[in-house]
Amino acid sequence: DAEITQSPRHKITETGRQVTLACHQTWNHNNMFWYRQDLGHGLRLIHYSYGVQDTNKGEVSDGYSVSRSNTEDLPLTLESAASSQTSVYFCASSVDSYNEQFFGPGTRLTVL
Amino acid sequence: QQPVQSPQAVILREGEDAVINCSSSKALYSVHWYRQKHGEAPVFLMILLKGGEQKGHDKISASFNEKKQQSSLYLTASQLSYSGTYFCGTVGHGSSNTGKLIFGQGTTLQVKP
């Protein structure tokens, strides 16, 4: 069955370290998204991509970067982790802009 | 601009009804609704693409008033399994070809026996 996976599921890191969160989907979806979820803020869009080599900034993109070298993967990199980036991160994908987004299981990141 | 959901939280007894509202300050192209159980990923409920559209399955339905820039989610005869946090996600007219969702802050629904 097609699915969307994230790894690692839990990560503890130190301030200033570079961290990469993986997202992999097997639906062959063009659209992929990264969100962070914090209490009281709901889901906030970090970066998104509509296809290979395409990336766009979302509403909270500072301190994060993404690259899309193939259809299946959209890794999220925190260049220099900060305590304010402690959060739960969700990756999502959709076939196009008129259909639902499928969410991965999430990654809980703690920055000490 | 983040859509505003109301109420922020609601507690129901099994069998009672609830309405969750989602309002935007911007013109909307579509509205998505998702439910998230504690510790899990959001799960899609429905999408409304046209102004005035109403959709539903089982005892959960939704409406979309394009003129008022708002959508409402209706939960009828609630069941314990309806408990969770409900999010609306809106796509503005300027983003209609991108699918970029802006989510509301969520409404926590608790259904008690």
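The values are calculated or read from the model by the stated rules, or taken from the named source; none is laboratory data. Since we're looking at a predicted model, the values are computed, not measured. In this analysis, Cβ positions are derived from the backbone assuming ideal geometry, glycine residues included, and neighbour counts consider all displayed protein chains.
Quick notes
- Counting the residues of the stretch A:48-86 that are more than 14 Å from every other protein chain (Cβ to nearest Cβ) and in contact with a strand residue (DSSP E or B) (Cβ under 7 Å, 6 or more places away or on another chain) gives 19.
- The one condition in (1) modelled with pLDDT of 95 or more; (2) more than 12 Å from the chain's Cα centre (by Cα) that A:Asp1 fails to fulfil: (1)
- Here B:Gln69, B:Gln54 are screened, and the one residue that is farther than 23 Å from A:Phe103 by Cβ, surrounded by 16 or more Cβ atoms within 10 Å (Cβ to Cβ) and modelled with pLDDT under 95 is B:Gln69.
- The condition of being within 15 Å of B:Thr108 (Cβ to Cβ), away from chain A (no Cβ under 13 Å), within 14 Å of the chain's Cα centre (by Cα) and without any contact (Cβ under 8 Å) to a residue 60 or more places away in the chain holds for only one of B:Asn21, B:Asn65, that being B:Asn21.
- Verdict on A:Arg9 being touching a residue at least 24 places away in the same chain (Cβ under 8 Å), surrounded by fewer than 20 Cβ atoms within 10 Å (Cβ to Cβ) and over 26 Å from B:Tyr34 (Cα atoms): no
- Selection status of A:Asp62, exposed (fewer than 15 other Cβ atoms within 10 Å of the Cβ) and free of Cβ contacts under 8 Å to residues at least 12 places away in the same chain: yes
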